[in-house]
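Taking it in order: structure first as structure tokens, then the write-up.
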Amino acid sequence: MPCKTTTEIRVRYGETDQMGFVYYGNYALYLEQGRTDWLRKMGYSYKELEAQNILLPVTQFSINYHAPGRYDDLLKVETNLVKIPGVKIEFSYVIYNEENKQLITAQTTLAFVDKLSGKITPAPQFLIDAIQSCLDA
């Protein structure tokens, strides 16, 4: 799908382990930044969704590590929508370093949840419309 974003993230010292590699758990944070940037590209923010009582908890997360990121690397996080959402939204990701070496590939699934009832709900129409506009562009 052509609705994708690229987010640049500079690896901070505190995000690395004793070996000088990006600590594996920090990649989940990088993917979250990619998702929030993707949502902004669609014209919305997590904050705006939450104000409309829509939550997006992660229900599935998988990652494959290909090479380590290191302190002060400038990473590119590519975030891609997998398909038009129903009650869940799925993303795929690739993170590259400055040499364009692939560091990780990952996938996440998030569910649309009504904040008031705590129940799964369909994706809001305004988001589906924004995605469709992106696909049509």
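Within region 103-114, is even one residue outside any strand (DSSP E or B), touching a Pro at 6+ places or on another chain (Cβ under 9 Å) and aliphatic (A, V, I, L, M)?
No.
Taken over region 29-53, the criterion of being in contact with a strand residue (DSSP E or B) (Cβ under 7 Å, 6 or more places away or on another chain) and not charged (D, E, K, R) is satisfied by Y30, L31, Q33, G34, W38, N53.
For region 66-113, a tally of residues being under 13 Å from the mean Cα position of the chain (by Cα), of a type in the set (S, T, Y) and crowded, with 19+ Cβ neighbours inside 10 Å returns 3.
With the structure loaded, tell me whether F21 is under 18 Å from C134 (Cβ atoms) and either among the β-branched types (V, I, T) or at pLDDT 95 or above (or both) or whether it fails that test.
Against the criterion (under 18 Å from C134 (Cβ atoms) and either among the β-branched types (V, I, T) or at pLDDT 95 or above (or both)), F21 does not qualify.
In region 15-47, the qualifying residues are those that are in a loop (DSSP other than H, G, I, E, B) and touching a residue at least 60 places away in the same chain (Cβ under 8 Å), and the one that is surrounded by the fewest Cβ atoms within 10 Å (Cβ to Cβ) is G43.
Only one of the listed residues (S62, S117, S133) is loosely packed, with under 12 Cβ neighbours inside 10 Å and either at pLDDT below 95 or part of a loop (DSSP other than H, G, I, E, B) (or both). That residue is S117.
The values are calculated or read from the model by the stated rules, or taken from the named source; none is laboratory data. Predicted, not measured: the structure shown is a model, and the values here were computed from it. All Cβ positions, even for glycine, are placed from backbone atoms using ideal geometry, and neighbour counts span all protein chains on display.
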